[in-house]
Amino acid sequence: MKHNILVIGGTGKTGHRVVEGLTQLGHNVTIGSRKGSPAFDWEDYSTFAPALKGMDRAYIVYYPDLAVPGAKEAIQKLTEIALKEGLEKVVLLSGKGEVEAEACEEIVATSGLNYTLVRASWFNQNFSEGAFLDFVLAGQVALPMPEAEIPFVDANDIAEVVTKVLVDDSYNGETITVTGPEKLTFKQVVKMMGKAIGRDIQYIPITIEEFKSGMKAAGLPESYIWLFGYLFEEVLGNPDNQEVSEDVQKVLGRAATDFKDYVEKTALSGVWNQTVLYNI
């Protein structure tokens, strides 16, 4: 059966990959974004109903993170409207080990909708498509929590899992935890990236306060600074959040992508060979 599926955050790291996967399967996909048609804006509840109208299912990604103030209220409103619009099912991308994210999960689980929850760890692609790319390009990755062992997960794995559980109702009511196959420190992953591109990239351990100060000096908004502080302190600071899950294997029938494989593929793309603009 082919479905009409709304992908909220359909231009983001996992969203655009989910859009591609669902489209390849022949589903009718609508991208939920401020520039979409109809537009979808988390800060404007009036956009929810028009975006959900005529949809059978939806992939929910809250930007910037389910931990931020206002997320619970927005998820509550979205699920209420989704139920009224007759959606069959939603899949929520959640944060592994985030108390606030778990509160949002509970809202979805008790909404009356069929659902699957997908909990993700830290993305590999933060180093190639996100917040840490400029650090890699500059050759100095200065981040807190040097002792944290992180099961980095590939965005392609997340998207493939989401695509599968969106259209496969055997996963209704389940919580899927997606991680990479092994735990690695920042120092280890930085060394892998440097080796792959033949450059000396240093990992520089700093305190969380130093990291926050650096973001403030760069002119980043307070909400962004707070979020990263939270993710380092509450998520990476909790050893329970650093466990490896086998759920990628369970859902996809294959092992999760190894960080080394991600590094080799990304190195070939040339994204790490750019010049840092502020060094020109």
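Some notes on this structure:
- Answer residue from the range 127-137, given it is outside any loop (DSSP other than H, G, I, E, B) and in contact (Cβ under 8 Å) with a residue 12 or more places away in the chain and is surrounded by the most Cβ atoms within 10 Å (Cβ to Cβ) among those: PHE127
- For THR47, the requirement of being surrounded by fewer than 20 Cβ atoms within 10 Å (Cβ to Cβ) and more than 21 Å from the chain's Cα centre (by Cα) is met.
- Some residue of the range 26-41 being crowded, with 23+ Cβ neighbours inside 10 Å, hydrophobic (A, V, I, L, M, F, W, C) and within 21 Å of the chain's Cα centre (by Cα): yes
- Sole residue being assigned to a helix (DSSP H, G or I) and either surrounded by 14 or more Cβ atoms within 10 Å (Cβ to Cβ) or of a type in the set (Val, Ile, Thr) (or both), chosen from VAL244, VAL248: VAL248
- Scanning the range 151-188 for residues being assigned to a helix (DSSP H, G or I), β-branched (Val, Ile, Thr) and surrounded by fewer than 23 Cβ atoms within 10 Å (Cβ to Cβ) gives a total of 2.
- Pair list, Cβ < 8 Å and 6+ apart or interchain, from the range 186-200 residues that are under 15 Å from LEU133 (Cβ atoms) and without any contact (Cβ under 8 Å) to a residue 60 or more places away in the chain to residues that are among the β-branched types (Val, Ile, Thr) and assigned to a helix (DSSP H, G or I): VAL190/VAL136
Where a number appears in this text, it was derived from the coordinates with a stated rule and is not lab data. Values in this document were obtained by computation on a predicted structure and should not be read as measured data. Ideal geometry is used to build each Cβ from the backbone, glycine not excepted, and the neighbour counts take in all protein chains shown.
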